[in-house]
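Here the structure is laid out as structure tokens; the discussion comes afterwards.
Every read-out reported here was derived from the displayed coordinates using simple, explicitly stated rules and does not represent laboratory data. Keep in mind that this is a model prediction, so the values were computed, not measured. Neighbour counts are summed over all protein chains in view; Cβ atoms, including those assigned to glycine, are modelled from backbone coordinates with ideal geometry.
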Amino acid sequence: MDSIKKYLAEFIGTFTLVLVGCGTAMLVGCNSAQGCGYILTAFAFGLVIVGMAYCVGNVSGCHINPAVSLAMLISGKMNAKDFFFYFLSQTLGAICASGCLMLIFSLGGVEDKTGGLGSNGLAGVNDSWAAGLLVEILLTFIFVMIILGVTDSKFNHGSFAGIIIGFSLVMVHILGIGLTGTSVNPARSIGPAIFAGLDALSCLWVFVIGPFLGGALAAFIYKFMAKKD
């Protein structure tokens, strides 16, 4: 029963992340020339993490991101079975949230200013998959390194951990939105891409492989740095 509660918590957390984060992007746009929408989208994603950290964090750890779960697996903080079901729960949460957004915007006749349910793309890097992959690896590496440091049992960040992680996500979004739309989260990319069409699906692999590589790299490097000589 405890495992089911954890998987449900990850579903709810990722559902909320995509609903609020991608929904905000769809509503206000995220063109870097229009700073207001750009910043609002960055903060929407980050503030969801803050809220969910204090809502489901005590149940599942509030990964709501397969790249974070992979880093925890490599760090020995979760087992392979939990990783699989976390990934499944997170992805299903993202898909359901994207379906809800499509329904809300179509029924309400609201314009989707992203043109693709807030899906990620390579337009900001001139359709270069190599540049997009590098952006996602680096941003996920930074984000996951911060998470590993904040949640390290050797340090006591207390009730501030959720705030630090949330604002770290805002930070990487501020750079990444204009380049790739900022994924750093395979589930967040899979959900909207399924409904957005072939353009989003054709480059989806960049936003799955990139965050996984960045998360794994962060886990290995943090283990090396934290290990006692």
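Take every Cα pair under 8 Å whose residues are at least 6 apart in sequence, average their separation, divide by the length of the chain, and the relative contact order is 30 percent. The loop-placed chymotrypsin sites (Phe, Trp or Tyr not before Pro) in region 127-177, going by DSSP, that have at most 11 neighbouring Cβ atoms within 10 Å of their Cβ come out as 155. Relative contact order for region 82-166: 13 percent, from Cα pairs under 8 Å spaced at least 6 residues apart, divided by residue count. Positive-end ranking of 174, 51, 117 along the dipole of the chain, with charges on Cβ about the Cα centre, is headed by 51. How far is the Cα center of region 164-205 from the Cα center of region 25-85, in Å? Taking the Cα centre of each part, region 164-205 and region 25-85 sit 11 Å apart.
Which residues make up the longest stretch of the chain that has no trypsin sites (Lys or Arg not before Pro) in a DSSP loop with at most 16 other Cβ atoms within 10 Å?
With a cap of 16 other Cβ atoms within 10 Å, the longest stretch comes to 1-76.
Within the listed set 206, 18, 125, the residue fluctuating most in the Gaussian network model of the chain (springs between alpha-carbon atoms under 10 angstrom) is 125.
Less than 10 Å Cβ to Cβ from residue 121, Lys/Arg counted +1 and Asp/Glu -1: what total charge do the surrounding residues give?
Values: positive: none; negative: 127, 199.
So the surrounding residues net to -2.
Taken about its Cα centre, the chain carries a charge dipole of roughly 600 debye when the Cβ of each Lys and Arg holds +1 and the Cβ of each Asp and Glu holds -1. Considering only 23, 204, 142, the residue lying farthest towards the positive end of the dipole of region 2-226 is 142, judged by Cα position with unit charges set on Cβ. Listed by chain and number, the lysines placed with their C-alpha closer than 20 angstrom to that of residue 223 are 77, 154; residues fewer than eight positions away on the same chain are left out.
Helix 2-28 axis versus longest C-alpha principal axis of the chain: approximately 40°, rounded to the nearest ten. Helix 129-150 and the long axis of the chain differ in direction by around 40°, with both axes built from C-alpha atoms. Rank 96, 36, 62 by mean-square fluctuation in a GNM of the chain with C-alpha springs under 10 angstrom and give only the top-ranked residue. Result for the chain, Cα springs under 10 Å: 36 fluctuates most.
For a footprinting-style exposure proxy, rank 10, 111 by other Cβ within 10 Å, fewest first. Provide the component values of the computation, followed by the final result.
Values: 10 32, 111 11.
Sorted ascending by nearby Cβ count, the order is 111, 10.
Note on region 183-229: Cα-only Rg and Dmax are 14.7, 51 Å.
Ellipsoid fit via the Cα gyration tensor, the chain: semi-axes of 27, 19, 16 Å, each the root of five times an eigenvalue, largest first. Computed across region 35-121, the Kirkwood hydrodynamic radius from all distinct Cα-Cα pairs reaches 15.0 Å.
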